[in-house]
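Chemist: Pasting in a structure now, in structure tokens, and then I'll have a few things to ask.
Please treat every number below as a calculation from the coordinates, not as lab data. Just so it is clear, the model here is predicted, and its values are computed rather than measured. Here the Cβ is made from the backbone with ideal geometry for all residues, glycine too, and neighbour counts use every protein chain on show.
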Amino acid sequence: MTFLEKIYLPAVMGGILITIRHLFRKKATVRYPEKTREFSPVYRGQHVLKRDDNGAERCTACGLCAVACPAEAITMDAAERKKGEEHLYREEKYAATYEINMLRCIFCGLCEEACPKEAIFLTDRMVNTDFGRGEFIYGKDKLVETVDQRIDVTKRQTPEVLEFKKIKQLSHNR
């Protein structure tokens, strides 16, 4: 090794040159509250449990979403509909409790693909942050959409699916 290599002068100068080059590059960060970054059209964010056109919950607690979830983040308990609750639930069986552990969820969208009733969708909304772990277990109170504030998920569906849904002769499209 030469004397300059022994005192690490070329390595130090190389590091300073890299730092100076990075000073004049375009910044990757965004000043968040003032500006927001554009999301991809296929971005998968917070989950939502959809309602049908009459306002009844679509979920029938079949459990396919929980089975499809690779992170095992979805749990539910099924219950039978009682007399007088026909306007609340579409089928005789419904999800009495439906929970998603957002800390375990990897937002893969497999629950959305597995659902035969099109009850669960991943929206373009961000999952809120919090300080406690318990706040990240989302129940039906946070997941089910309200009747007066529907969430549009048509951009998550392909044109083939939208055409298929127009066929009212099929039992699951009624």
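Chemist: Taking Cα pairs under 8 Å and at least six residues apart, what relative contact order does the stretch 47-173 come out at, in percent?
Modeler: The value is 29 percent.
Chemist: Could you pull out every Cys in the chain that lacks a partner Cys with its beta carbon under 4.7 Å away?
Modeler: C59, C62, C69, C105, C108, C115
Chemist: Here's something else I'd like to know. When all alpha-carbon pairs of the chain are counted, what percent fall beyond 22 Å? Intermediate results must be reported in sequence, preceding the final value.
Modeler: Numbers: 8702 of 15051 pairs.
The share of Cα pairs beyond 22 Å in the chain comes to 58 percent.
Chemist: How big is the dipole moment of the chain about its Cα centre under a simple scheme where the beta carbon of each Lys and Arg is +1, that of each Asp and Glu is -1, and everything else is neutral? Debye, nearest 20, please.
Modeler: 760
Chemist: Roughly how many whole Å is it from the C-alpha centroid of the stretch 124-139 to that of the stretch 67-93?
Modeler: Here the answer is 22 Å between Cα centres.
Chemist: Kindly provide the trypsin sites (Lys or Arg not before Pro) of the stretch 30-84 that DSSP labels as loop, not H, G, I, E or B, and whose Cβ sees at most 10 other Cβ atoms within 10 Å. It would help to have the intermediate numbers written out before the result.
Modeler: Values: sites: R31, K35, R37, R44, K50, R51, R58, R81, K82, K83; in loops: R31, K35, R37, R44, K50, R58, R81, K82, K83.
Qualifying residues, ordered by number: R31, K35, R37, K82, K83.
Chemist: While we're looking at this one, here's another question. Please give the peptides 63-76, 131-144 ranked by average Cβ packing (other Cβ atoms within 10 Å per residue), highest first, as a rough proxy for protection. Numbers along the way, then the final one.
Modeler: Details: 63-76: 16.7, 131-144: 12.5.
Ranking the peptides 63-76, 131-144 by packing returns 63-76, 131-144.
Chemist: Compare the Cα positions of F136, A71, Y89 along the charge dipole of the stretch 47-173 (+1 at Cβ of Lys, Arg; -1 at Cβ of Asp, Glu; about the Cα centre) and return the one farthest towards the positive end.
Modeler: Y89
Chemist: Additional query: Could you give the angle, 0 to 90 degrees to the nearest 10, between helix 9-23's Cα long axis and the longest principal axis of the Cα atoms of the chain?
Modeler: 50
Chemist: Among the listed pairs K117/K168; K82/K166; K26/K155; K140/K166, give every one whose C-alpha distance is greater than 26 Å.
Modeler: K82/K166; K26/K155; K140/K166
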